[in-house]
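Below: one structure, written as structure tokens.
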Amino acid sequence: MSTRMCGLVTVVLAVGMLSPVAEVAHATPPVAIADGVLKDAHGAPLAGRHVDLFIWPAVEAVNVGDSVTLTMLSSTMSDKAGHFALATPAAAAIAPHAAPDGIVNFEVISGAGVSQFGGRLVNGVVVDATADPAPGNSRSALVSHADVQLPDAAATATPAAAGDPYYPGCVARLAQDYGAKNSIVGQTNSKTTGISHDFTYTVGASSSLGIGYSVSGSYGSWSQSGTASKSSTSTWGFPVQGDNIARRYLTGWRYGKWEFGCSEWATNNHWFEARTTSFAGGTALTSVGFPGYRYCVNFLGGSDFTKADSKAYNFTTGVGISGNLGVNLSVQTGYSTQAKIHYHNKITTTRKLCGNGDYPSGNTSFVVATA
Amino acid sequence: MLTRTGSVVVLCLALGSCSGTADDGPLGKPSSPGGVCVPADKNGVVTDGFLALRNGGSSSVRLRSVKLVKPKGVRLEGSYVMPIRENTLVGLQPGTVDGSRTALADAVLPARADRNLLTQLRLTDKAVAGTTGGLEVRYVVGHHTYRWVSRIDVRLAPPGGSCGS
């Protein structure tokens with residue numbers, strides 16, 4: 001009898017605790033994939049305007065003059081404070097636009113205002129493309145936090161009359177091929193002797209590459225408006241580095257000037273984007289000053305260290321495209337199973353490996369070998 | 001008896017305290033993947049002091065145990081924690097490391113504190129390299145058991161051997 005009572009009490013307890021959880025789960029709103037504030041040309045919030053989420057098709061081979069049609073995935077209205085949140089579309093809607101390695105690229109568009117971001121579709125969830133794609137690694141859903149600013153007062157359309165149908169659509173045409181642009185994909189540093197250090201960037205390594213935006217498309221009118229994700233399609237080895245040097249490793253990404261035509265109500269908006277079209281490869285090196293560091297670990301003679309998966313430093317001017325645009329663009333690469341830094345202590349004397357934001361095994365952007 | 005067992009299971013689920021572990025405790029998410037390699041001493045022993053344990057929570061953590069992940073040719077002989085001096089970890093060392101180390105089991109890591117994790121590893125065959133696929137640390141906060149995972153692979157080269165590159 002007592003056993004039965006205990007069992008009943010337990011079941012009641014369990015049901016009592018589980019029910020609210022189930023209700024909460026039903027009440028949870030859709031997860032946002034992009035949010036921010038819609039602003040006018042002066043930076044003031046814009047209320048009650050459409051903000052749309054478009055996705056790029058997976059394009060690799062594209063020639064000057066070719067056009068691609070972007071697909072609208074979801075739409076929302078900015079609230080009184082100009083805030084918008086675009087919900088995650090179903091994976092089935094995203095999957096047809098993903099590259100074979102899962103890379104997907106989005107545009108948040110309102111009038112002629114845009115922000116862009118990329119990710120990787122993994123098991124039905126869009127995640128950070130620069131995180132390690134190896135099986136078993138933890139990944140969480142990507143949310144892009146970026147404001148959208150309209151370039152001028154006339155760049156946002158409103159219905160001419162109540163009840164006008166809203167037919168958003170976007171076509172991008174490759175107007176000019178800028179050619180391959182060297183971009184920084186990694187950095188190793190040795191402030192001492194006896195340490196060899198190197199970087200590898202293999203097939204499937206992903207980088208987040210800056211996108212330039214301009215209404216006129218003319219030199220000097222560009223600024224960065226977002227990023228796109230792209231993966232390498234070939235492996236490039238970089239030479240091993242030695243004593244007292246901080247090296248940046250660069251490889252090429254082909255960039256192009258895209259002309260956008262997007263309809264909203266009965267208005268057509270135009271602008272230009274400078275964005276990568278494909279991986280070009282190649283290797284180049286530059287020398288730089290040493291980054292700061294704080295957290296160290298002893299590095300015994302004869303020992304070896306390889307690092308993957310930490311999100312590398314965001315090189316804000318890492319894409320060398322100023323000759324075409326007047327500004328350089330950003331690039332960020334995660335150390336992953338496809339992009340690794342490696343240090344080896346060749347001598348018998350103990351050295352140190354140090355990180356800037358954490359110990360070398362933790363979440364640090366740079367690793368520096370020191371005496 | 002069956003009912004009692006069921007009751008215990010249900011209560012454990014409800015309270016979240018009797019079984020199972022979570023990876024999202026105050027010691028943080030699994031570490032970045034990577035790898036280290038070091039030659040063992042003449043007895044085939046290495047101390048791995050490459051990792052730090054950081055309690056990012058507002059309560060103390062009681063450390064329970066360490067387990068090697070997929071060890072091959074290597075076994076765990078002991079696990080310890082020690083204070084971190086001047087932001088520098090002990091690193092990989094052949095043989096044992098003495099000093100102010102304390103046994104990991106039942107060691108307390110105060111809130112917002114960090115410690116150097118030391119694991120003493122031994123090759124099961126001194127002539128052959130051994131590897132592990134990282135390690136797992138189990139720890140307790142209140143009634144909750146958590147797991148912290150290092151994804152840094154460790155390779156022990158044989159005594160007098162080389163890590164290659």
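Quick note: the coordinates plus some simple rules give every number you see, no bench work behind them. Computed from a predicted structure; not experimentally measured. Neighbour counts are summed over all protein chains in view; Cβ atoms, including those assigned to glycine, are modelled from backbone coordinates with ideal geometry.
Some points to look at:
- Average beta carbon contacts from partner chains per residue of A:358-368, 10 Å cutoff: 4
- Relative contact order, whole percent, for segment A:235-315 stands at 32, derived from Cα pairs under 8 Å and 6 or more residues apart.
- Straight-line cross-link partners of B:Lys42 among the lysines, defined as a Cα under 21 Å from its Cα and at least 8 positions apart when in the same chain: A:Lys346, B:Lys72, B:Lys126.
- Prolate/oblate/rounded call for segment A:249-371, Cα gyration tensor, a/c under 1.5 rounded: prolate
- Cα shape, chain B, gyration tensor, a/c 1.5 rule: prolate
- A straight line joining the Cα centroids of segment B:109-137 and segment B:63-79 runs 6 Å.
- Residue-wise HN-Hα coupling along segment A:167-184, computed from phi with Karplus coefficients 6.51, -1.76, 1.60 (Hz; x: Gly, Pro): 10, x, x, 9, 10, 10, 10, 6, 8, 7, 9, 7, x, 6, 10, 5, 10, 6
- Segment A:102-130-segment A:199-244 distance, computed between alpha-carbon centres (Å): 16
- Distance-filtered residues of segment B:42-67 - backbone nitrogen under 15 Å, label point 7 angstrom along B:Asp106 Cα→Cβ: B:62-65
- Anchor A:Lys80: lysines whose Cα lies under 22 Å away (excluding residues fewer than 8 positions away in-chain): A:Lys39
- Environment charge of A:Asp177, counting only residues whose C-beta is closer than 10 Å and scoring Lys/Arg +1, Asp/Glu -1: +2
- Bridgeable aspartates and glutamates around A:Lys257 (alpha carbons under 18 Å apart, same-chain partners fewer than 8 residues away excluded): A:Glu60, A:Asp66, A:Glu107, A:Asp177, A:Glu273.
- Around A:Ile103: net Lys/Arg minus Asp/Glu count, Cβ-Cβ under 9 Å: +1
- Relative contact order of chain B: 36 percent, from C-alpha pairs under 8 Å at least 6 residues apart in sequence.
- Amide hydrogen neighbours beyond the local backbone of B:Phe50, cut-off 5 Å, H modeled: B:Gly91
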